[in-house]
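S.K.: Take this structure first; my questions come after.
Any read-out appearing in this document is the output of simple, stated calculations on the displayed coordinates, not a laboratory observation. What you are looking at is a predicted structure, and each value in this text was computed from that prediction instead of being measured. Here the Cβ positions follow ideal geometry from the backbone for every residue, glycine too, while neighbour counts run over all protein chains shown.
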Amino acid sequence: MGRYVIRRLLQMIPVFFGATLLIFLMVNVMGDPIAGLCGDRQCDPATAARLKKEFGLDKPVWQQYLTYMGNVFTGDFGTAFNGQEVTELMGNAFPVTIRLTIVAILFEIVIGISLGVLTGLRRGRPVDTGVLLLTLVVISVPTFVTGLLAQLLLGVKWGWIKPSVSSAATFDELILPGLVLASVSLAYVTRLTRTSIAENKRADYVRTAVAKGLPRRRVITRHLLRNSLIPVVTFIGTDVGALMGGAIVTERIFNIHGVGYQLYQGILRQNTQTVVGFVTVLVLVFLVANLLVDLLYAVLDPRIRYA
Amino acid sequence: MSDTTQIAEANAKIMDGPNVPGPETARSEKTRSLAQDAFRDLVRRPMFLVSAVLILGILTIAAFPSLFTSVDPLACDLKHSMEGPSGSAWFGYNFQGCDVYSQTIYGTRNSVIVGVLTTAFSLVIGGLIGVLGGFFGKWTDALLSFVTNVFFGLPLLLAAIVILNNFRDEKGMRNAGVMAVVLTLTVVGWMSMARVMRGAVMQVKQADYVAAARSLGASTSRMMFRHVLPNSVTPLIVVATISLGAVIGAEATLSFLGIGIRPPAISWGVMISEAQQRISSGLHPLLFPSGMLTITVLAFIMLGDAVRDAFDPKLR
């Protein structure tokens, strides 16, 4: 187990550097890193040259990347153009997005898996067909349409919730945005659980458990569900990374000042330090989430062992 | 799942093919290839028929928008601003007083072009990388898998915004044309195709008929393109169909964020983005393009589902 984790961690290193180099190149080579410093106007050539020298942008790109990574590993993510430390922006943004992600993942687990078990056990019945069609529709409606409609109806027209989230972004304010963010993945979790349950329902171990005289509830939760969860766990694990970075749309609609909001602002204002810094952290989250998923396999299915 | 499909299909092909001497006419009545089986199965599925009809309709609208409306989508009259649906304008008018029905019809083309071209490019790039990695293995595979993983590590939407942010018009305003959106979505979206293709190729590579071809002295390219590729392409087609819908949704999301296709070009995303700013004064300019968008995405996902079920013998 320990060796496996170490091997996986070592494999993560090149991917981490590759992905951060890629975003670094996208932002610094394709874009103009000092464009954001002169406001909306173009920098005049003399100022541009001076700024480039000051930030070391006249050096070759690989050297810039090495310097940047060196700073990152000492905890220095640089300074945004308005003088705020990027680490300070992260300190404000990440807790909000983490709360939002937790709400979304909880919805996926609770609603998604329950619906999946329900339909998987009743394959072909009206409940199953109904839920299946519903998931198709939910997958097809883009998140921003779901979000806008939910905000308008629940927030503005009926006044059940506040249409925009305050800067504190407490858990109760994040329930609706979390549901909107989770909606598409929720539908996928339902479908995955359904397929998996329906497939395993006929497995020998389930028949054995039933023949032993175990109560139906125990057969389903301890035997059937536990063995059916592996593909679902894989999906939810990779989704953690996607939700953290992909909340741009949801955070914009509900005015949540989290990671997605900061990144979007950073990109539009050509704030390279913010973008590269946040993406670096997101890549790390994505890689670690994937590792945790693989380790969870062994917990769910004791037949899987990591040497 | 896909591997069994491949092998079953391969077996079916071998049995059907001209390599097998024997009473062919009598036999081909009974043993159809998996592809033929799947097709016969498909046309009997209501989900396939519904989605196929929808997609044909959408493609017709995209190709010949003038067949469906005689109103110029850019002829706007502020006098009609935010008027609701009526006999003369079925979907009502938007804030600028443009006919929402006409715009929805004319917006179809850009959305469909982005979906089809992006998927086609991703299919070629992802497919090629998957075939090369899966077929050659060893360091080729290690290198290509590494590149795939690196691209997977980046959040998709984010990378797309970063790239598209660099497309400007003469005035320095953010303005990406349709092709820029296509290329960007291809760059950030080819990876799942590569993974699916790689997996399928690795399975097919071990089949007996590939070994047979090799022992008969077939060249690498012949094995790859005549034997491995045709037999491993089905899962790729399924993923492509489903992702076509997802790409159309992604294009709309980018337009919604104010990046990607911009007005005066018309696309559903642009319409939704404009309607959203005036959402308090009326919902109809938002609902109709959203509805069309949803129906289109739904149609492609349903088609992909139906094709996958038909080609997966395990579910029969």
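S.K.: Let me know the mean shielding of B:145-152 by other chains, meaning the per-residue number of their Cβ atoms within 10 Å of its Cβ. Intermediate values should be presented prior to the final figure.
M.R.: Working: counts 1, 4, 3, 1, 8, 10, 3, 7.
Per-residue shielding by partner chains comes out at 5.
S.K.: Order of A:110-116, A:179-185 by packing, highest average Cβ count within 10 Å first?
M.R.: Descending mean neighbour count gives A:179-185, A:110-116.
S.K.: Still on this structure: Could you work out the relative contact order of chain A, using alpha carbon pairs under 8 angstrom and six or more residues apart, expressed as a whole percent?
M.R.: Averaging sequence separation for qualifying contacts and normalising by length gives 27 percent for chain A.
S.K.: Moving on to the next point. Can you name the helices of chain A, as whole DSSP H runs, whose Cα span along the helix axis is 27 Å or more and whose Kyte-Doolittle mean is not below 0.5?
M.R.: Length and hydropathy pass: A:2-25, A:86-107, A:175-200, A:226-246, A:272-300.
S.K.: Could I ask something else about it? Can you check what the net charge comes to around B:S51, using other residues whose Cβ is under 11 Å from the Cβ of B:S51 (Lys, Arg +1; Asp, Glu -1)?
M.R.: With Lys, Arg at +1 and Asp, Glu at -1, the neighbours total 0.
S.K.: Could I ask something else about it? Give me a single rounded figure for A:258-266: the average over its residues of other chain Cβ atoms within 10 Å of their Cβ. Could the numbers behind the result be given before it?
M.R.: Details: counts 0, 2, 3, 0, 0, 5, 6, 0, 2.
Mean number of neighbouring Cβ atoms from other chains: 2.
S.K.: Residue by residue through region B:134-142, what is 3J(HN,Hα) from phi via Karplus (6.51 cos²θ - 1.76 cosθ + 1.60, θ = phi - 60°)? Round to whole Hz and write x for glycine and proline.
M.R.: So the Karplus estimates, Gly and Pro as x, are x, 6, 7, x, 6, 6, 4, 5, 4 Hz.
S.K.: If amide hydrogens are placed 1.01 Å from N in the peptide plane, which non-local residues have theirs closer than 5 Å to the one on A:T79?
M.R.: Close amide H contacts, sequence-distant or interchain: A:V86.
S.K.: Which residues make up the longest stretch of chain A that has no trypsin sites (Lys or Arg not before Pro) in a DSSP loop with at most 11 other Cβ atoms within 10 Å?
M.R.: With trypsin sites (Lys or Arg not before Pro) excluded where exposed in loops, chain A gives A:42-201 as its longest stretch.
S.K.: Please give me the summed charge of the neighbours of A:V184: other residues whose Cβ is under 14 Å from its Cβ, Lys and Arg +1, Asp and Glu -1. Spell out each step's value before the answer.
M.R.: Numbers: positive: A:R191; negative: A:E108, A:D239.
Taking every Cβ under 14 Å from that of A:V184, the sum is -1.
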